[in-house]
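Engineer: Before I ask anything, let me first share the structure, which is written out below as structure tokens.
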Amino acid sequence: MLLTIPNLLNDAQLEKMQEIIRGGDFVDGKLTAGFAAARVKQNEELEQEPERIQRLIRILMASLGHNETFRFGALPHRVADPIFARYRPGMAYGDHVDDPIMGSSGPRFRSDVSMTVFLNPPADYDGGELVMRTSFGENRVKLPAGHAVAYPSSSLHHVAEVTRGERLVALTWIQSYVRDPARRELLYELNLAREHLLKTAPEAEHTAQVDRSYSNLVRMWGEV
């Protein structure tokens, strides 16, 4: 499932994050890449200056914690500290799947869901689409500033070359309570129906049945 999360960050949050990022230094993105990814990765990442990074993390994580689309779509168990990446003309990130186990500098976790948060408007740059390769063809994603997209970490994907301007994004990875992407998609869709019924027919027996089925499927498939 390719899940778009609109307006994850508001204008004030975006402005603050851009201000914080502007004051930092960027380093070669290959420093955080695995062996296979390093061969195709051409970008820059914000240097891990603790105070600056923590200010950015607080803004982003607060928004994630309050976003229902993220919570019910990803069913997050662990969320990695984000990386802030910059692409300038000539930079790209070739086809790859994300590392299955992450957290070399902290607790190890399994990457089930990857997420890209767009931090500047698409008019600021040409190219730079996130391209997902699927059995139904390519999905090309280039969203407004403040929007995010979440997708299975096992997906083959790449970032198209930036030919003008600058692409600025935040990247994070999630270990989900439900590792199987097909089951997560089913639960997400079932929860949409459940939420609708709880609002429109809270006393109905079929509402209780759907609510119970959702809870028991999470219990059946969830890993803690």
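Engineer: Residue-wise, which Karplus ³J(HN,Hα) couplings in Hz belong to segment 90-102, taking 6.51 cos²θ - 1.76 cosθ + 1.60, θ = phi - 60°, and x for glycine or proline?
Structural biologist: x, 8, 7, 9, x, 3, 6, 10, 6, 4, x, 10, 10
Engineer: Read phi for every residue in segment 38-48 and hand back ³J(HN,Hα) as whole Hz from Karplus 6.51 cos²θ - 1.76 cosθ + 1.60, θ = phi - 60°, with x for Gly and Pro.
Structural biologist: Going residue by residue, I get 4, 6, 10, 9, 9, 7, 10, 10, 4, 4, 7 Hz, with x marking Gly and Pro.
Engineer: For 168, 190, give the ranking by accessible area with the largest first, probe 1.4 Å.
Structural biologist: Order by accessible area, largest first: 190, 168.
Engineer: Still on this model: Hey, what's segment 1-73 come to in accessible area per residue, 1.4 Å probe, Å²?
Structural biologist: Values: 4190 Å² over 73 residues.
That works out to 57 Å² for each residue.
Engineer: Hey, another quick one. With a 1.4 Å probe and every protein chain left in place, tell me how much accessible area residue 2 has, in Å² to the nearest 10.
Structural biologist: Around 70 Å² of this residue is reachable by solvent.
Engineer: At 1.4 Å probe size, with no ligands or nucleic acids counted, give the accessible surface of residue 155 in Å², nearest ten.
Structural biologist: 30
Engineer: Using a probe of 1.4 angstrom, how much of the accessible area of segment 135-224 is carbon and sulfur, in percent?
Structural biologist: Here carbon and sulfur together make up 54 percent of the probe-accessible area.
Engineer: Take 87, 188 and sort them by solvent-accessible surface of the protein heavy atoms, 1.4 Å probe, largest at the top.
Structural biologist: Largest to smallest exposure gives the sequence 188, 87.
Engineer: So if I average 1/r over every pair of distinct C-alpha atoms in segment 143-224 and take the inverse, what Kirkwood radius in Å does that give?
Structural biologist: Averaging 1/r across every pair of different Cα atoms and inverting gives 15.9 Å.
Engineer: How large, in percent, is the carbon and sulfur part of the accessible surface of segment 55-115 at a probe radius of 1.4 Å?
Structural biologist: Numbers: 1480 of 2800 Å².
C and S fraction of accessible area: 53 percent.
Engineer: Sum -39500 (n - 2.57) across every DSSP H segment of at least 4 residues in the chain, then divide by the residue count to get the 222 nm mean residue ellipticity, nearest 500.
Structural biologist: Calculated at 222 nm, the ellipticity per residue is -11000 deg cm²/dmol.
Engineer: Which whole-percent values make up P(r) of segment 1-66 when all C-alpha to C-alpha distances are grouped in 5 Å steps starting at zero?
Structural biologist: 3, 14, 19, 17, 19, 19, 7, 1
Engineer: Please give the per residue accessible area of segment 76-224, computed with a probe of 1.4 Å over protein heavy atoms only, in Å².
Structural biologist: 49
Engineer: Going from most exposed to least, what order do 105, 213 have by accessible area with a 1.4 Å probe?
Structural biologist: Highest to lowest solvent-accessible surface, that is 105, 213.
Engineer: If I ignore ligands, DNA and RNA and count only protein heavy atoms, how much of residue 108 is accessible to a 1.4 Å probe, in Å² to the nearest 10?
Structural biologist: Surface accessible to solvent at residue 108 totals approximately 140 Å².
The values are calculated or read from the model by the stated rules, or taken from the named source; none is laboratory data. Remember, predicted model here, so these are calculated numbers, not experimental data. The area values use the complete protein model at the heavy-atom level, side chains included, leaving out ligands, DNA and RNA. Shrake-Rupley method; radii C 1.70, N 1.55, O 1.52, S 1.80 Å.
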